[in-house]
1. Take A40 and tell me if it is surrounded by 14 or more Cβ atoms within 10 Å (Cβ to Cβ), assigned to a strand (DSSP E or B) and touching a helix residue (DSSP H, G or I) at 6+ places or on another chain (Cβ under 8 Å).
2. Could you list all residues from segment 88-114 that are among the β-branched types (V, I, T) and either touching a Ser or Thr at 6+ places or on another chain (Cβ under 7 Å) or free of Cβ contacts under 8 Å to residues at least 60 places away in the same chain (or both)?
3. When you check R54 against the structure, is it basic (K, R), under 21 Å from Q135 (Cβ atoms), in a loop (DSSP other than H, G, I, E, B) and open to solvent by 20 Å² or more (accessible area, probe 1.4 Å), yes or no?
4. What is the one condition in (1) in contact with a Gly (Cβ under 8 Å, 6 or more places away or on another chain); (2) modelled with pLDDT of 95 or more that P103 does not satisfy?
5. Restricting attention to segment 79-137, which residues are of a type in the set (A, V, I, L, M) and open to solvent by 60 Å² or more (accessible area, probe 1.4 Å)?
6. Considering each residue of segment 72-122, count those that are in a strand (DSSP E or B) and out of contact with any Lys or Arg (no Cβ under 7 Å at 6 or more places or on another chain), and give that number.
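The values are calculated or read from the model by the stated rules, or taken from the named source; none is laboratory data. Bear in mind that the values here come from a model prediction, so they are computed numbers and not experimental data. Quick reminder, even Gly has a Cβ in these numbers, built from the backbone with ideal geometry, and neighbours come from all protein chains shown. SASA here: full protein model, heavy atoms, side chains in, ligands and nucleic acids out. Shrake-Rupley method; radii C 1.70, N 1.55, O 1.52, S 1.80 Å.
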Amino acid sequence: MRPMTGRTAALALATAATASLLGVASANATPDPPADRAAALDWGACEGTGLDPRQECATLKVPLDYRDPGGKRISLAVSRIPSERPQARRGALLLIPGGPGSPGLNRPSTLGKRLPKSVRDAYDVVSFDPRGLGQST
């Protein structure tokens with residue numbers, strides 16, 4: 001079996017991360033939920049210097065091979081800066097690292113500040129380190 005790569009992997013991560021960010025987790029979710037359920041993420045401080053102090057980091061467990069959702073799992077490092085105006089929040093905006101070979105965990109701090117205020121007000125700005133890079137397995 002081949003692991004998922006490219007855009008398909010990024011879209012699968014985006015779906016899982018967005019579900020987690022939006023709190024779509026099942027009430028009885030386990031630490032390693034089946035692929036059809038999203039677990040709430042345990043957000044905490046990010047490591048590093050020069051980051052926006054609002055940036056939060058978490059680890060998302062995902063299947064190595066999405067065709068085998070009960071198989072081996074890996075950890076992906078994800079980060080976010082919550083909406084600057086929670087009452088105006090519309091959802092999450094995922095910044096996908098360019099590449100190949102580019103980490104993205106700090107993009108909410110580095111690229112997020114370049115977004116128009118109206119976007120930062122309406123969306124949680126989210127990114128991740130692709131598998132095999134940075135803090136991801």
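1. Details: surrounded by 14 or more Cβ atoms within 10 Å (Cβ to Cβ): yes; assigned to a strand (DSSP E or B): no; touching a helix residue (DSSP H, G or I) at 6+ places or on another chain (Cβ under 8 Å): yes.
Criteria not met by A40.
2. Applying the first criterion (among the β-branched types (V, I, T)) to segment 88-114 yields 96, 110.
Passing the criteria: only T110.
3. Values: basic (K, R): yes; under 21 Å from Q135 (Cβ atoms): yes; in a loop (DSSP other than H, G, I, E, B): yes; open to solvent by 20 Å² or more (accessible area, probe 1.4 Å): yes.
In short, yes.
4. (2)
5. Keep residues of segment 79-137 that are of a type in the set (A, V, I, L, M), which gives 81, 88, 92-96, 105, 111, 115, 119, 122, 125-126, 133.
Across segment 79-137, the qualifying residue is only I96.
6. First pass over segment 72-122, keeping only residues in a strand (DSSP E or B): 73-81, 91-94.
Of the ones still in play, those that are also out of contact with any Lys or Arg (no Cβ under 7 Å at 6 or more places or on another chain) are 77-80, 91-94.
Number satisfying all stated conditions: 8.
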